[in-house]
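A quick write-up on the structure given underneath.
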């Protein structure tokens, strides 16, 4: 299990958010989540320009086992997607908190960030998950 | 509490991710399903298949019983040591289970049936065997390890006692050997069979010798592989999975298993009348192989639109060898053109193909375009 980076915020459904310059936020799934899913073989991402809403399904990741919905942790407009995942979905298994990011949104409601879990609370959540 | 094979602690110690499968606590993978899949295609992997049910059938009229029980003809087993894949049907021609039967001697055959169907199979076997005076004995005392891959046989042979090694080495495909002295003299039943499309052996060994065999194989470089890899390997090899590709409401004609049915003259097997009737009146649906050239994954239950009506994906996977999705689909008879799968509301084209999808570690003709 890789260390949980201190600058991330999490949704209970295991998506992470990293707030960047200019009101943008990068979104991915946690290392814990990729471990649960197993080898990833396909990723269906939103399109640049799509408006996504916190709590709604906005992407799908498929592992050898199953397809899983990704829920937007924040609302906004998609401004960038990780095209490299199309050919190399296993990047999420290898580097969930880094190169395995999914997309970037321009935040439409930054207050939503306050509702997300900090790294410590998320670590506690997944610890309880495992028992 | 799910049942455990004798290798359960060994799997856990190796870090296996365990899942419930047919009431058994089994390894899904030991880390990466994809690596395990490739290990079997490229070198050698091993599977604990002790959850499957080995059943011994003994009696002077055993062959006569099997003529009645199986849709395939036991008379294809002419001399001891040969194995036969067959369905066991109900009176409606539906598949109760698929199984492999090994001809040990003329009054002794062994069959291996699925784990999830054990509870219905055993009473059915007992009931059908009684009139023939054939004794049905389950063998929970045996562990079963499948060693599969191009290097599998070479990894197993050094573990066989010198006196028996040549006999095992010379086993033809789909043949078995009994009374083999294996590792530390443990008695083995060895069959050159499997469920991956690769060469290899399936070894039946007493539970108390299973862990040492597993560890010896691991030490020889055989990669432990879980049920996840077993599923992708067998589908690439074009092999059915009971419960997903066929069941009691599906006949072999509808389940891609016509090749396992022998309508030999004068043999009155269970379900024959129903099969003949369906054949005469026309089989309404059939199982075909499909490939999706677009990105995505085919999964059990997805709807398949055809010009003749809707069908459905049965077994569907992302094929690690091909790098694209493959599946079995049940479609209205004759549907081959303009097939489209509904994935989350999007229709993507499918190509009907002949299977197996992969043979000898390589894509079969027509699978990749």
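Tell me, please, whether a residue that is over 28 Å from residue B:34 (Cα atoms) and out of contact with any helix residue (DSSP H, G or I) (no Cβ under 9 Å at 6 or more places or on another chain) can be found in segment A:86-102. Within segment A:86-102, not a single residue is over 28 Å from residue B:34 (Cα atoms) and out of contact with any helix residue (DSSP H, G or I) (no Cβ under 9 Å at 6 or more places or on another chain). Of the residues examined, residue B:199 is one that is surrounded by fewer than 24 Cβ atoms within 10 Å (Cβ to Cβ), more than 14 Å from chain A (Cβ to nearest Cβ) and under 23 Å from residue B:142 (Cβ atoms). The residue of segment A:66-112 that is farthest from residue B:293 (Cα to Cα), among those that are in a helix (DSSP H, G or I) and more than 14 Å from every other protein chain (Cβ to nearest Cβ), is A:111. Just for segment A:35-57: of the residues that are in a strand (DSSP E or B), farther than 15 Å from residue A:83 by Cβ and touching a residue at least 24 places away in the same chain (Cβ under 8 Å), which one is nearest to the other protein chains (Cβ to nearest Cβ)? Once the filter is applied, the top-ranked residue is A:41. Tallying residues that are in contact (Cβ under 8 Å) with a residue 40 or more places away in the chain and assigned to a helix (DSSP H, G or I) within segment B:63-89 yields 9. In segment A:81-97, which residues are surrounded by 14 or more Cβ atoms within 10 Å (Cβ to Cβ) and in contact with a strand residue (DSSP E or B) (Cβ under 9 Å, 6 or more places away or on another chain)? Matches in segment A:81-97: A:81, A:82, A:85, A:89, A:90, A:91, A:92, A:93, A:96, A:97. Scoring residue B:150 on the criteria (1) under 19 Å from the mean Cα position of the chain (by Cα); (2) crowded, with 17+ Cβ neighbours inside 10 Å leaves a single failure, condition (2).
A short reminder: the numbers here are calculations on the coordinates, not readings from a lab. Quick caveat: nothing in here was measured; it's all calculated off a predicted structure. All Cβ positions, even for glycine, are placed from backbone atoms using ideal geometry, and neighbour counts span all protein chains on display.
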